[in-house]
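Note sheet for the following structure.
The values are calculated or read from the model by the stated rules, or taken from the named source; none is laboratory data. Remember, predicted model here, so these are calculated numbers, not experimental data. Here the Cβ is made from the backbone with ideal geometry for all residues, glycine too, and neighbour counts use every protein chain on show.
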Amino acid sequence: MGKANKVGRKIVWLANEFINICVLIAILLLLGFGSYALWDYSQVFNSASAKQYDIYRPTAETGGEQLSFEELTKINPEVISWITIYGTNIDYPIAQAKDNLKYINTNAKGEYALTGSIFLDTHCSPDFSDFSSIIYGHHMDEQVMFGEIGSFTDKQYFDARKYGELYYGGKYHGLEFFAFLHADAYDTSVFRTNIDSELAQEEYLKLIAKRAKNIRNDVTVTVKDKIVLLSTCSGSSTNGRDILIAKITDTIYENTFKTASDNPKASPIIRGGIPGLWGKTPLWGKIGYVALPFLIIILTIVLIYKKKQRLKKEKK
């Protein structure tokens, strides 16, 4: 009978050890996944940062710096221009493909990238000679790609950021932002290209004024102007889009946001973008997510040690 009890205790002890090992393995796997997710999150946004393209940014100067943009066009001939919005981190090359799907997951160098690229609608003229041109980009957290477009829904933010630059045809042009609106991705009344007749153009400008959430009434826009729509995902509806609209000008406006301290971050506006739940988690949450397994491991080790001590006492 005593021998049977010892065998039974041994089996129970082995079962407990097996369970403890399984728990430790699961915790280590969770820790590994959490660490990888944190690293991957960082890599995704680093690859989408405008700083990655700084060396290719065209300048008003000639010579070596000017060749940088040409080098990018040699790497990827589908890069056609460059856009900058003062007071934001939007400072990117623009590509254009034969369809509007390629640059959803291809970067400006032509490489596969979850973050995609800023790109011009395939139906628009690459020299921005159309009355209306549409530029797309992913909405992303960490103020990369077109992640800050949604911030223009705030009137104070909209009013503070009036200008930008658009480089094409070998020189810079000014951008004067005059409207911000929400629309459905399949709203053909807003997402229109090749608006040829003056009557249709006038009607389109009236539509923008009517639909605009924020508008700058002191900016005159006529059918003689060329306008640009910057579109990105919005959380206002399933297929919602945030659209910032500017007119192209010959005047290059002064950038009053010259340093990082002059470029205050907008209040976080979470709108269904990349990369989802992990991207929306605050920093303290990410740290806690990675640190929690360590605390569980320590607690598990302590419990195992105490259990072994208790079993030793029972054997005695």
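Observations
- Matching option when the condition is surrounded by fewer than 22 Cβ atoms within 10 Å (Cβ to Cβ), in contact with a Gly (Cβ under 8 Å, 6 or more places away or on another chain) and at pLDDT 95 or above, among 121, 127, 159: 127
- Of all residues in segment 177-186, exactly one satisfies the criterion of being in a loop (DSSP other than H, G, I, E, B) and either in contact with a helix residue (DSSP H, G or I) (Cβ under 9 Å, 6 or more places away or on another chain) or of a type in the set (Phe, Trp, Tyr) (or both), namely 186.
- Looking at 216, 192, just one residue is charged (D, E, K, R) and farther than 22 Å from residue 138 by Cα, and that residue is 216.
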